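Written out below as structure tokens is the structure these notes cover.
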Amino acid sequence: MRRQLVAGNWKMNCSVGEAVQLATAVRECLGSVVGVDVAVCPSFVALQSVYEVLEDTPVSVGAQDVFYEDAGAYTGAISPLMIEGLCRYAIVGHSERRKWFGEDEQSTSRKVSALRRHGITPILCVGESLEENLAGKTREVLVRQLEGALGGSTPWNEIVVAYEPVWAIGTGKAAEADQVNDTVSEIRGQIGTIWDVDTARDIRILYGGSVTSENVASFVGMSEIDGTLVGGASLRADEFCQIVFQSASMRKKGALD
Ligand code: PGA
């Protein structure tokens with residue numbers, strides 16, 4: 001049984017003080033949440049402080065990116081070694097990293113391997129742009145991104161994949177839940193081809209893109225979707241907590257009592 005995960009991606013928002021305030025509000029509502037895994041991903045400068053606020057709660061901390069080397073002459077980079085101990089998760093391959101920072105399949109793949117060596121769970125983001133979607137290239141893009149990030153490595157069922165259609169991120173236009181369910185099923189099939197079917201069955205695949213407390217139930221009620229990666233809505237503690245509570249109480253379609 002795959003356990004639901006709700007991860008909040010705070011992106012380039014919040015001073016350290018604001019991040020501590022937000023984490024404190026999250027701790028107040030989710031300090032004893034059960035039945036769902038929860039993580040928040042602040043900026044690197046706020047990781048330590050947010051970790052201290054959430055230590056001893058069920059809410060984990062994640063990074064929004066990481067470099068793939070442990071140490072050395074890599075100005076501006078943060079290594080897995082530096083965040084080990086603070087972070088349970090690290091987002092890699094986010095479309096904003098791909099767009100603004102030149103992240104590609106090769107660097108994403110190296111980041112996945114580096115995180116694995118350090119026992120940090122990657123949240124690997126994949127997803128097609130609007131043009132690719134309209135051109136009917138969604139499947140092709142996903143195959144390329146998954147093959148690029150996972151191909152050549154041994155099966156690993158700890159990794160989390162997030163399907164984030166680029167056109168749904170930050171636009172207020174979430175994808176249709178049943179369509180997402182079909183795409184997530186294809187992603188699982190592709191992981192089964194790259195690795196094996198048993199591993200693919202165990203891997204959690206999230207949806208991300210304009211998730212709110214209004215629409216989250218439609219996604220997490222779907223058989224293939226194992227949680228959500230939440231951007232904008234994770235910056236408001238009450239909204240984020242609503243999303244988490246709904247995810248925790250959601251029954252899957254077709255699930256037995
Ligand atoms: P959004 O961002 O929820 O603001 O659309 C999602 C993401 O980029 O992870």
Restricting the stretch 99-110 to residues that are within 16 Å of the ligand (Cβ to nearest atom) and touching a helix residue (DSSP H, G or I) at 6+ places or on another chain (Cβ under 7 Å), the one nearest to VAL160 (Cα to Cα) turns out to be THR108
If we ask which residues in the stretch 73-98 are open to solvent by 40 Å² or more (accessible area, probe 1.4 Å), more than 14 Å from PHE44 (Cβ to Cβ) and within 13 Å of the ligand (Cβ to nearest atom), their number turns out to be 2
Per the filter on the stretch 111-155, residues within 16 Å of the ligand (Cβ to nearest atom) and more than 19 Å from ARG97 (Cα to Cα) are ASN133
Given the structure, is ILE203 away from the ligand (no atom under 16 Å from the Cβ), touching a strand residue (DSSP E or B) at 6+ places or on another chain (Cβ under 7 Å) and at pLDDT 95 or above? yes
Filtering the stretch 147-165 down to residues that are on the phi > 0 side of the Ramachandran plot and within 16 Å of the chain's Cα centre (by Cα) yields none
Of LEU134, LEU115, LEU142, LEU124, the only residue that is free of Cβ contacts under 8 Å to residues at least 40 places away in the same chain, hydrophobic (A, V, I, L, M, F, W, C) and within 18 Å of LEU229 (Cβ to Cβ) is LEU124
- Query: Is at least one residue of the stretch 212-221 small (Gly, Ala, Ser) and in a loop (DSSP other than H, G, I, E, B)?
  - Reply: yes
Note: among ARG188, ARG236, just one is of a type in the set (Lys, Arg) and more than 23 Å from GLY136 (Cβ to Cβ), namely ARG236
Note on the stretch 1-44: residues closer than 24 Å to ILE169 by Cα and among the aliphatic types (A, V, I, L, M) are LEU5, VAL6, ALA7, MET12, ALA19, LEU22, ALA23, VAL26, VAL36, VAL38, ALA39, VAL40
Output for Cβ contacts, cut-off 7 Å, separation at least six or different chains, first residue under 17 Å from GLU214 (Cβ atoms) in the stretch 148-175, second among the basic types (Lys, Arg) and away from the ligand (no atom under 13 Å from the Cβ), reads none
Open item on the list: It is to be established whether one or more residues within the stretch 186-209 are assigned to a loop (DSSP other than H, G, I, E, B), touching a Pro at 6+ places or on another chain (Cβ under 8 Å), open to solvent by 10 Å² or more (accessible area, probe 1.4 Å) and not basic (Lys, Arg).
Closed with: yes
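The values are calculated or read from the model by the stated rules, or taken from the named source; none is laboratory data. Given the structure is predicted, the values throughout are model-derived calculations rather than measurements. Glycine also receives a Cβ, built like all others from the backbone with ideal geometry; neighbour counts cover every protein chain displayed. Keep in mind that these areas ignore ligands, DNA and RNA; they rest on the heavy atoms of the full protein, side chains included. Shrake-Rupley method; radii C 1.70, N 1.55, O 1.52, S 1.80 Å.
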